[in-house]
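Values quoted throughout were computed directly from the atomic coordinates according to the rules given, and no laboratory measurement underlies them. The structure presented is a predicted model; accordingly, all values stated were derived computationally and were not measured. For neighbour counting, all protein chains shown are included, and Cβ atoms are generated from backbone atoms with ideal geometry for every residue, glycine included.
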Amino acid sequence: MSYPDIKITFLGTGTSSGVPMIGCSCDVCTSTDRKDKRLRSSILVQSEHTTVVVDSGPDFRYQMLRENIKHLDAVIFTHPHKDHVAGLDDVRGFNYFMQKPMEIYGNEMTLEVIIREFPYAFTEKKYPGAPNIHLNTISSDPFQINDLVITPVLVWHMQMPVLGFRFGKFTYITDANRIEESSKEKIRGSEVMVLNALRREEHISHFNLSEAINEVQDMQIPAAYFTHISHQLGKHADVSSELPEGIQLAYDRLSIAL
Ligand SMILES: [Zn+2]
Ligand SMILES: [Zn+2]
């Protein structure tokens, strides 16, 4: 199968509270380094003909404005936690200018939560101006959006199944603390991988820094970027200086061409 060239842009690399966190005056939250300013986790994936985002958290509107996105083909969801779905209402701008429903993709559990949390988008008679959303249920089978072929990769977020996504040579995984061998098989061979690394201490539903490093090394991925970062991890520059070769912390607005 041939894959188009793609460009990945990190729209956000922060955990659910973002960095800085409201009310916090720690070293990281008061840092003046722009790499320590992390919106909620999401990426933009662009090929010559297609633009999609993975997740639309509470910062979705600002992320679209900041990257000057005028055309969006789809929103693909990893899981229904609020920091990944809360901004969905703001597809209204795209509805208005593109004159069509926004295509959204998620597993059954995620789409059920979206219908529950945005009920006004799914009623028979809609309020004028309510978001226009078209639901597409995905499972573990590859699916296609224009020229992008996307393979879902199941990972575990404590008890919750979460979808990672492989786009050719690139794999994106956020919100995981366990990856089964069958999923690692799907990830192996990726040239670039994104994985969550919340903080140094262990966490019940996220990989910590050392676990994330172990996963990357176990799967022998040559280049990895960590995301979904908490202020507890430390400053970008400090943590970056101690990472093994090939592994970096992602930061907002970083882009990678593949
Ligand atoms: Zn999250
Ligand atoms: Zn989550």
Which of the lysines could a cross-linker bridge to Lys186, judged by Cα under 25 Å and excluding same-chain residues fewer than eight apart? Lys7, Lys169
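Given a Förster distance of 25 Å, report the FRET efficiency between Cys24 and Gln217 from their Cβ-Cβ distance, rounded to the nearest 0.05. It would help to have the intermediate numbers written out before the result.
On the way: r = 32 Å, r/R0 = 1.28.
Taking R0 as 25 Å, the efficiency between Cys24 and Gln217 is 0.20.
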Which one of Pro161, Pro142, Pro20 has the biggest mean-square fluctuation once the chain is modelled by GNM with Cα springs under 10 Å? Pro142
Using the number of other C-beta atoms within 10 angstrom as an exposure proxy, rank Ser240, Ser31 with the fewest first. Ser240, Ser31
Top mean-square fluctuation among Ser241, Ser139, Ser16, Gaussian network model of the chain, C-alpha springs under 10 Å? Ser241
Need one number for the stretch 5-130: average projected area of the convex hull over its C-alpha atoms, nm². 9.1 nm²
From the Cα centre of the stretch 127-194 to that of the stretch 63-106, the distance in Å is 16 Å
Give me the Debye-computed log₁₀ of I(q)/I(0) at q = 0.10, 0.11, 0.16, 0.17 Å⁻¹ for the chain, equal point scatterers on Cα only, no solvent, two decimals. -0.46, -0.56, -1.21, -1.37
If you scale each eigenvalue of the Cα gyration tensor by 5 and take the root, what three semi-axes come out for the stretch 207-247, rounded to whole angstrom and sorted largest first? 18, 12, 8
Cut-off under 22 Å on the C-alpha distance; same-chain residues fewer than 8 positions from Lys100 excluded. Which lysines are left, in chain and number order? Lys70, Lys125, Lys126
Across 5 Å bins beginning at 0, the whole-percent shares of Cα-Cα pair distances in the stretch 178-240 come to 4, 17, 29, 25, 15, 8, 2
Working out 0.36 nm times the residue gap between His71 and His49, then minus their Cα-Cα distance, what length gain in nm do you get to one decimal? 6.9 nm
Just report the Cα centroid separation between the stretch 42-57 and the stretch 1-22, whole Å. 9 Å
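What share of Cα pairs, in percent, lie more than 12 angstrom apart in the stretch 134-182?
Percentage above 12 Å: 64.
Divide the volume of the convex hull of the Cα atoms of the stretch 65-107 by its number of residues and quote the answer in cubic angstrom per residue.
Numbers: hull volume 3.3 nm³, N = 43.
Dividing the Cα hull volume of the stretch 65-107 by its residue count gives 78 Å³.
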Proximal aspartates and glutamates relative to Lys184, as straight alpha-carbon distance under 18 Å, when same-chain residues fewer than 8 apart are discounted: Asp141, Asp175, Glu211, Glu215, Asp218
